[in-house]
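S.K.: Structure incoming, see below.
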Amino acid sequence: MADNRRGIRSIAGSLVLAVVGRVMRIIDIPLRGLQKVAGQTGMASFFLLPNMAVFTVFILIPFVINFVYSMTGGTQIFLDQRRFVGLQQYSEIFSCSDYLDPNSCLQDGFWTAVGNTASFVVIQVTLMILVSLITAVILNREIIGRGFWRAVFFFPVLLSPVVTGLIWRWILERQGLLNFILYELFGAEQFNWLTERTTAFAATIGVSIWAHMGFYTLILLAGLQAIPRDLYEAAQMDGTSRSRIFWRITLPLLMPNLVVVLVLALIRAVQVFDEVFVLTHGGPGTSTMYLIQYIYEMGFASELKNPGLAAAASILMGAVLVVLTLMQMAASRRNEKKRES
Amino acid sequence: MATVWQFITRRRGGEGWHWTDVATWVWLIGGLLIMFGPAVWLTLSSFKSPAALSKFPPTILPYVTQEVRVEGFDKPLPLYEVTLPDGTMARLAEKRRVGIIAQMIDPKSPETVHKININDRKPVDMVEFATSNYTEPFLQFDFLRYLWNSVFVTVMATIITLVINSMAAFALSKYKFRGQNLILIIIVGTLMVPLGVIMVPLYSVVSALGLFNNLWGVILPTVATPTGVFLLRQYMLTIPDELIDAARMDKASEWQIYWRIVLPLAAPALAVLAIFSVVWRWNDFLWPLIVLSRSSLYTLQVGLNVYAGQLNVQWQYILAMTVVTMIPVILVFVFLQKFIARGIATTGLK
Amino acid sequence: MGRITLEKITKSFGAVKVLQSIDLDIRDGEFVVFVGPSGCGKSTLLRQIAGLDKPTSGDICIDGKLVTDVPAADRGLAMVFQSYALYPHMSVKQNLAFGLENARMPKIEIERRIAEAARMLEIGDYLDRRPGQLSGGQRQRVAIGRAIVRNPTAFLLDEPLSNLDAELRISMRAELSALHKRLQTTMIYVTHDQIEAMTLANRIVVLRKGRIEQVGTPLELYNTPANRFVAGFIGAPSMNFLSGSIVAAGGEGTTVTVLGEETLTLPRKADDDMTEQAITVGVRPQHIRLAGPDEPGIGAKVDLVEGLGSETVVHARVSTGERLLAVLAGQHALASGEEIRLTFDAKDLHLFDKDGSRLSGT
Ligand SMILES: Nc1ncnc2c1ncn2[C@@H]1O[C@H](COP(=O)(O)OP(=O)(O)OP(=O)(O)O)[C@@H](O)[C@H]1O
Ligand SMILES: [Mg+2]
């Protein structure tokens, strides 16, 4: 039976290979001609071409025209139909009567989103690092079924943000599981978690940690496993206490990975959108409206749509991301150097 | 019992339990519940009828009220466990309900009508999986379309990604030409340009190309992933150059070197990229949301979001379709979890 | 036919000149060995011939046809690589067939050639295995087989034996030699092992820092090395170099003193009159013997004695402090610290001027 199946699979496999092989051989005919003309090294350009073309059209050009875009006004999407307004979008963003109060700004929506994102980033990243660090340290212990436990925490990482958002919406609903559990345990009243400002905000943080902590845990776990066992053994021989081992050996040696994880988490948190959007749609009101959603609504969705303003906002966000990425590169370079020496 | 407990709590080296051991297991079990619980709850809920869904407190398994056919009635009547005024119990079907008083009849002798306070009765429940939650959306709504769109986008984007990324990686790893470093720097540089930063101008580019409301408008911007090129290039650098030289001596054309030598040897890296690409594209949400406004073009993610965003959310269908959307990812998880975990740990990709 | 001519080949990587004006004429059917220290440019030169790299300047002709701009695939050459470079994802058979399929050869012919090569190299038993499942020696044979089936105008081999253990290397060396006799195809063989060079070559090309130091048959190089470098490189252990000077040159030969201690007259006469000039005198360890009681000789102090049974290797130091190595036939009871006197025949001496070139005429 198993043999039979393998037989079928290998037949199917060789059939596919034969077809692919035939196609490739046909492609080869004109390409041999091209190679005669272009030469060996000239073929490098041919291999680069498709990727670079797509890359240029869909990443490089948008990246460059984003700057131009941010200096135009109106609601049209095509650049040639748009009115050049110089730095007006930026000056609008930055015109506030009181720089400490987002509501006093002309574009208060932007500053509300910035404020929301900032609080989100600070709280979410702190908790995220804490939770993943604890989980990684625990998974690094000699526990039964370590592979299984690692998989447990990794599971939500692969789920789509929409699924994640819906799963949690269903749990936080009025007649959802959370209310049920609280009712069973404490007889608590049913509560609308997602329509209350603070609880909705907390929910976005909790859900995004739930969804992504497995990723950071894995990176930290890899870092922990790279710490030589004999260091621990030596410390144990000296009778060092467990907490001392953690603070004096584990944590310092893990520091480079922690820095990388920190910056990665920051970069991702600044761009929070998908699962949170599905969960709360930015509500109630604008209390969970984060930057990307603001750009999205400004650019495409809302009635007040102003793509130029959205572009300007996205450039400001990009600047923050570039700074963070440079920090990450510096951190990983320092790691590499340390590893080499 | 004591021995079992001893066995469970016995530790290597005969040490006793440290408080960290307790904390470890509390954390792990709690983690198990929190990580898997929600998805399990969602799946269980997806089999409930709308009535069961709106009930509080909810039940774990999908219960429906049992019904009976009674002579003289067109529709089946719901069955209740009733405490009669004389204190005896009986199973009666509900004929009509007025306020808090229900008119109930015994299915075997439908002539006598009992007037019962609704607080004195309990519905007779039975477990029934509402599979119609799954079949209906496919028949009535466009979910089959959405599913097809998602599959199309995922498969196409992954194939194109693998082909053009591997070609570029081949050029960048096995040839020496002017401008090579510049291209590499640009590629690494754009690793830090996420979609969120360029979505406005990208939208105008995609519209200008006539790809708005077109699945290719979803596919193409994602396929030239700098990450993929970078990953494959790093791997191809480990393929010895002498193999390429040998193939050149063997009269292979450069294209043949690419697909007969380099591609097969880069298979492990291609597999990693393929898996990541499938998961990425299947899960993509923001960009399809922007590009696709016609409902017949929605991908599963967009479709789900739209249905879930309606004022009158039909949770029974949403839940079922969420489960359907989750299935491929769960398959990937079950079969490839170790592989992906290793990929993340070594490349930092996600 | 497989005549290969190199004219003024130079190759630079950026500012680094790796090959400097190489001129060489390789005759059809010849077994030519490129030898030289690591990094001298042997592989680079071979790659220029193969067409895997383009020379910065100069021309390459195969059978009189200019091929400098012809890509590797169309030069009709086959190459065996140091790492074997077998395609790891293909079976041995597919490895052998790959080049032939690319040349669009009919299937039957491919089968025939593979069968013939398999018989010749005794690799028939593992045609269906992958390279990863073969031993080093078997891989080596497959790599050679891949070259043979192509029926090339010339074989290029880049240190093909250097990854094998000593014993296997010796037997493969003999097989390669036999193979060349049988195929009578031009072979260019790169090695840094001078014993391999001596045993295999019809002609040896000694390279150093991108230049040809000398071209000649193995015995020519051994007997009349053109300079100190070749003299030191060819022959094991290396030739000894001692300071000396020319006493008189005229009549039948050249008279030299070695270390000012022993005066000998070579049967050969230097072309130029270099009387009174300081020179370097080279003598191979095997040509040194213990001086008899009344025989002239040079004094030396023994540092170390290695008795190998059939011969005795003596590490010694002469009066000037220069080191000297002597391989004495038979067994000798010598102790370290002992003062001995050594001598040699005048005909075995090699004379080099202060630039290291052989004194012409000697
Ligand atoms: N692609 C290259 N770019 C820059 N320098 C190179 C390149 N290839 C070779 N070289 C340099 O050219 C010199 C000659 O290299 P080559 O490989 O020909 O040496 P070789 O004689 O074959 O040495 P070995 O016996 O170690 O194989 C070396 O100094 C090497 O560093
Ligand atoms: Mg070499």
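The values are calculated or read from the model by the stated rules, or taken from the named source; none is laboratory data. Remember, predicted model here, so these are calculated numbers, not experimental data. In this analysis, Cβ positions are derived from the backbone assuming ideal geometry, glycine residues included, and neighbour counts consider all displayed protein chains. Please note that ligands, DNA and RNA were not included when accessible areas were found on the heavy atoms of the full protein model with its side chains. Shrake-Rupley method; radii C 1.70, N 1.55, O 1.52, S 1.80 Å.
S.K.: Within segment A:214-228, does at least one residue satisfy the condition of being more than 9 Å from every other protein chain (Cβ to nearest Cβ), touching a Phe, Trp or Tyr at 6+ places or on another chain (Cβ under 7 Å), touching a residue at least 24 places away in the same chain (Cβ under 8 Å) and farther than 22 Å from residue B:25 by Cα?
M.R.: no
S.K.: Here's a follow-up. Give the number of residues within segment A:179-194 that are open to solvent by 50 Å² or more (accessible area, probe 1.4 Å), under 14 Å from residue A:168 (Cα atoms) and either acidic (Asp, Glu) or in a helix (DSSP H, G or I) (or both).
M.R.: Going through segment A:179-194 one residue at a time, the tally reaches 1.
S.K.: For segment B:249-268, enumerate the residues that are more than 7 Å from every other protein chain (Cβ to nearest Cβ) and out of contact with any helix residue (DSSP H, G or I) (no Cβ under 8 Å at 6 or more places or on another chain).
M.R.: Residue satisfying the conditions is B:267 alone.
S.K.: Could you check how many residues of segment A:296-313 are open to solvent by less than 10 Å² (accessible area, probe 1.4 Å) and over 19 Å from residue A:95 (Cβ atoms)?
M.R.: Of segment A:296-313, the ones open to solvent by less than 10 Å² (accessible area, probe 1.4 Å) are A:299, A:307-313.
In the following step, the residues that additionally are over 19 Å from residue A:95 (Cβ atoms) were identified as A:299, A:307.
Qualifying residue count for the region: 2.
S.K.: Here is a follow-up. Scan segment C:16-40 for residues that are open to solvent by 20 Å² or more (accessible area, probe 1.4 Å) and within 12 Å of ligand 2 (Cβ to nearest atom) and report the count.
M.R.: From segment C:16-40, those open to solvent by 20 Å² or more (accessible area, probe 1.4 Å) are C:16-18, C:20-21, C:23, C:25, C:27-28, C:37-39; that's our starting set.
Subsequent filtering for residues that are within 12 Å of ligand 2 (Cβ to nearest atom) retains C:18, C:37-39.
Residues in segment C:16-40 being open to solvent by 20 Å² or more (accessible area, probe 1.4 Å) and within 12 Å of ligand 2 (Cβ to nearest atom): 4 in total.
S.K.: If the requirement is being within 18 Å of residue B:246 (Cβ to Cβ), within 16 Å of ligand 1 (Cβ to nearest atom) and in contact with a strand residue (DSSP E or B) (Cβ under 7 Å, 6 or more places away or on another chain), which of these qualifies: C:160, C:152? Talk me through it step by step, then tell me what you get.
M.R.: Details: C:152 fails: within 16 Å of ligand 1 (Cβ to nearest atom).
None of the other options fit; the residue is C:160.
S.K.: Output yes when any residue across segment C:281-293 is part of a strand (DSSP E or B) and more than 19 Å from residue C:231 (Cα to Cα), and no when none is.
M.R.: Here is the first cut: in segment C:281-293, the residues part of a strand (DSSP E or B) are C:281-283, C:289-290.
Imposing the further condition that a residue be more than 19 Å from residue C:231 (Cα to Cα) reduces the set to C:289-290.
Within segment C:281-293 (the criterion being part of a strand (DSSP E or B) and more than 19 Å from residue C:231 (Cα to Cα)), the answer is yes, since at least one residue qualifies.
S.K.: I'm checking my understanding of the structure. Among residues of segment C:68-96 that are without any contact (Cβ under 8 Å) to a residue 24 or more places away in the chain and under 19 Å from residue C:144 (Cβ atoms), which one is farthest from the chain's Cα centre (by Cα)?
M.R.: Step one: list which residues in segment C:68-96 are without any contact (Cβ under 8 Å) to a residue 24 or more places away in the chain, which gives C:68-72, C:74, C:94.
In the following step, the residues that additionally are under 19 Å from residue C:144 (Cβ atoms) were identified as C:72, C:94.
On the way: C:72: 25, C:94: 34 Å.
So the residue we want is C:94.
S.K.: Would you mind telling me which numbered condition in (1) open to solvent by less than 60 Å² (accessible area, probe 1.4 Å); (2) within 30 Å of residue A:181 (Cβ to Cβ); (3) out of contact with any Phe, Trp or Tyr (no Cβ under 8 Å at 6 or more places or on another chain) residue B:121 fails?
M.R.: Here residue B:121 meets the rest and fails (3).
S.K.: Out of all the residues in segment A:27-37, is one or more at the interface with another protein chain (Cβ under 8 Å from one of its Cβ atoms) and of a type in the set (Asp, Glu)?
M.R.: yes
S.K.: Here are some residues: B:194, B:201. Which one is surrounded by fewer than 23 Cβ atoms within 10 Å (Cβ to Cβ) and in the same structural domain as residue B:297 (by TED's automatic domain parsing)? Can you show your working first?
M.R.: Numbers: B:201 fails: surrounded by fewer than 23 Cβ atoms within 10 Å (Cβ to Cβ).
Answer to the selection: B:194.
S.K.: Where in segment B:159-248 are there helices (runs of 4 or more DSSP H), lying fully within it, with 1 or more residues that are away from chain A (no Cβ under 11 Å) and at pLDDT below 90?
M.R.: On the way: elements: B:180-190, B:195-208, B:215-223, B:226-236.
Those helices (runs of 4 or more DSSP H) span B:180-190, B:226-236.
Residues checked against (1) at pLDDT 90 or above; (2) in contact with a helix residue (DSSP H, G or I) (Cβ under 6 Å, 6 or more places away or on another chain); (3) facing chain B (nearest Cβ under 7 Å):
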| residue | (1), (2), (3) |
| --- | --- |
| A:152 | no, yes, yes |
| A:171 | no, yes, yes |
| A:177 | no, yes, yes |
| A:194 | no, yes, no |
| A:206 | yes, no, no |
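S.K.: List every residue pair whose Cβ atoms lie under 7 Å apart, where the two residues are 6 or more positions apart in sequence or sit on different chains, the first residue falls within segment C:41-54 and is open to solvent by 40 Å² or more (accessible area, probe 1.4 Å), and the second residue, located anywhere, is acidic (Asp, Glu) and near ligand 2 (Cβ under 8 Å from one of its atoms).
M.R.: Pairs found: C:43/C:158.
S.K.: Among the residues of segment C:147-169, is there at least one that is open to solvent by 60 Å² or more (accessible area, probe 1.4 Å), within 14 Å of chain B (Cβ to nearest Cβ), polar (S, T, N, Q) and more than 16 Å from ligand 2 (Cβ to nearest atom)?
M.R.: Within segment C:147-169, one or more residues are open to solvent by 60 Å² or more (accessible area, probe 1.4 Å), within 14 Å of chain B (Cβ to nearest Cβ), polar (S, T, N, Q) and more than 16 Å from ligand 2 (Cβ to nearest atom).
S.K.: Here is a further query. Go through segment C:15-128 and tell me which helices (runs of 4 or more DSSP H), entirely inside it, have 2 or more residues that are within 16 Å of ligand 1 (Cβ to nearest atom) and within 14 Å of chain B (Cβ to nearest Cβ).
M.R.: Numbers: elements: C:42-50, C:92-102, C:107-121.
Fully inside segment C:15-128 and qualifying: C:42-50.
S.K.: Being part of a helix (DSSP H, G or I) and under 16 Å from the mean Cα position of the chain (by Cα) is the filter here; which residues of segment B:287-305 pass it? Steps first, please.
M.R.: To start, the set of residues in segment B:287-305 that are part of a helix (DSSP H, G or I) comprises B:287-291, B:295-297, B:300-305.
Answer for segment B:287-305, where residues must be part of a helix (DSSP H, G or I) and under 16 Å from the mean Cα position of the chain (by Cα): B:300, B:301, B:302, B:303, B:304, B:305.
S.K.: Quick one: is residue C:195 modelled with pLDDT under 90 and either within 16 Å of ligand 1 (Cβ to nearest atom) or out of contact with any helix residue (DSSP H, G or I) (no Cβ under 9 Å at 6 or more places or on another chain) (or both)? Can you show your working first?
M.R.: Working: modelled with pLDDT under 90: yes; either within 16 Å of ligand 1 (Cβ to nearest atom) or out of contact with any helix residue (DSSP H, G or I) (no Cβ under 9 Å at 6 or more places or on another chain) (or both): yes.
Considered against the rule, which asks whether it is modelled with pLDDT under 90 and either within 16 Å of ligand 1 (Cβ to nearest atom) or out of contact with any helix residue (DSSP H, G or I) (no Cβ under 9 Å at 6 or more places or on another chain) (or both), residue C:195 comes out as yes.
S.K.: Among the residues of segment B:316-333, count how many are open to solvent by 30 Å² or more (accessible area, probe 1.4 Å) and facing chain A (nearest Cβ under 9 Å). Walk me through how you get there before you give the answer.
M.R.: Here is the first cut: in segment B:316-333, the residues open to solvent by 30 Å² or more (accessible area, probe 1.4 Å) are B:317, B:327-328, B:330-331.
Still in the list and also facing chain A (nearest Cβ under 9 Å): B:330.
Here the count works out to 1.
S.K.: Still on this structure, I have one more. Could you tell me whether residue B:313 is within 10 Å of chain A (Cβ to nearest Cβ) and outside any helix (DSSP H, G or I)?
M.R.: yes
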